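The values are calculated or read from the model by the stated rules, or taken from the named source; none is laboratory data. Keep in mind it's a predicted model, so treat the numbers as computed, not measured. Here the Cβ is made from the backbone with ideal geometry for all residues, glycine too, and neighbour counts use every protein chain on show.
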Amino acid sequence: MAAVTNRKPMGKDEKIMKTVCYIVVGFFALICLFPFLLMITSSFMTEKEIVSEGFKLIPDEISFSAYQFLMENSQKLIDAYAINLINVIFGTTLGLFFMSMAGYVLCRKDFKYRNQISFFIYFTTLFSGGLIPTYMLMVNGLGLKDSIWAMILPGLMTPWSIFLMRNFMKAVPDSLYESAAMDGAGDFRIYWQIFLPLAKPALATIGLFLTLAYWNEWYNAMLYIQTPSKYPLQYFLQQIISKANVQLLVQQGAVINTADMPSESIKMATAVVATGPIILVYPFVQKYFVSGITVGAVKG
């Protein structure tokens, strides 16, 4: 027989407080949603209306000129999307694999030098080699000039994510490791079959950060990528909206009519194109995100 739970009805004060909380949260949600809605509607405005009246939620006239401008370079846009997907898939997968292994090793109490290695990892957050040594390493040392790996490798390992993974694993009882070791499991098997299934919140949190970082990648592309077909989406869109690069795009074979170029609405259209797909990632990791951040924040 199912147990019956006696729940006390909400009082008048509690109902009022709950209603006020919903109203306040809904108000702040609308404030957060407003810029995104403005970005979408402004991308359908005519250039003349934007110049004369500014950006607004309800355009007087619907115009697809900004999106038509982007579609005139559809093949280059598709190539940029493909590069972005490659960066996100390989970068996020490899980054999670390497940083989860690093966090697993650093949380093991039987690893003798875990404190020394943790210090060296932390030390990199205080000092860096600088742009010129990094560029020489990537180009002369690793030979990654004009290579997609030049956009993937620099973001694979980040100290904050490694420490988040390590701190998360401190909550896993040592008895699980000891029991698996007594049953004959090796270190990698313990990591793969015990660590990873229990680390879903941390993996989802770090995976979201990695995905956002690789999706928004443009800086390393500016430094190392020379072939236009290897441009990631953000850098390609920046090339389009930058008036200084219009002539460069024409030389690369893009079809551009500078007289009809929607310079203002194109900025909003490119923002919609760039942010639209990545928004779909968050709902899949939302339930793990808060717990992953909380664990990384409260454990030292």
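At a glance:
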{"read-out": "Lone qualifier among 233, 203, 249 - being buried (at least 17 other Cβ atoms within 10 Å of the Cβ), of a type in the set (A, V, I, L, M) and at pLDDT below 70", "value": "249"}
{"read-out": "Selected residue (criterion: farthest from residue 273 (Cα to Cα)) from residues of the stretch 40-57 that are more than 30 Å from the chain's Cα centre (by Cα) and in contact (Cβ under 8 Å) with a residue 60 or more places away in the chain", "value": "51"}
{"read-out": "Pairs with Cβ under 9 Å, 6+ apart, first in the stretch 258-283 and under 19 Å from residue 84 (Cα atoms) and outside the structural domain of residue 53 (by TED's automatic domain parsing), second modelled with pLDDT under 70 and part of a loop (DSSP other than H, G, I, E, B)", "value": "269/262"}
{"read-out": "Residue satisfying all of: in the stretch 52-86; of a type in the set (S, T, N, Q) and more than 25 Å from residue 235 (Cβ to Cβ); surrounded by the fewest Cβ atoms within 10 Å (Cβ to Cβ) among these", "value": "52"}
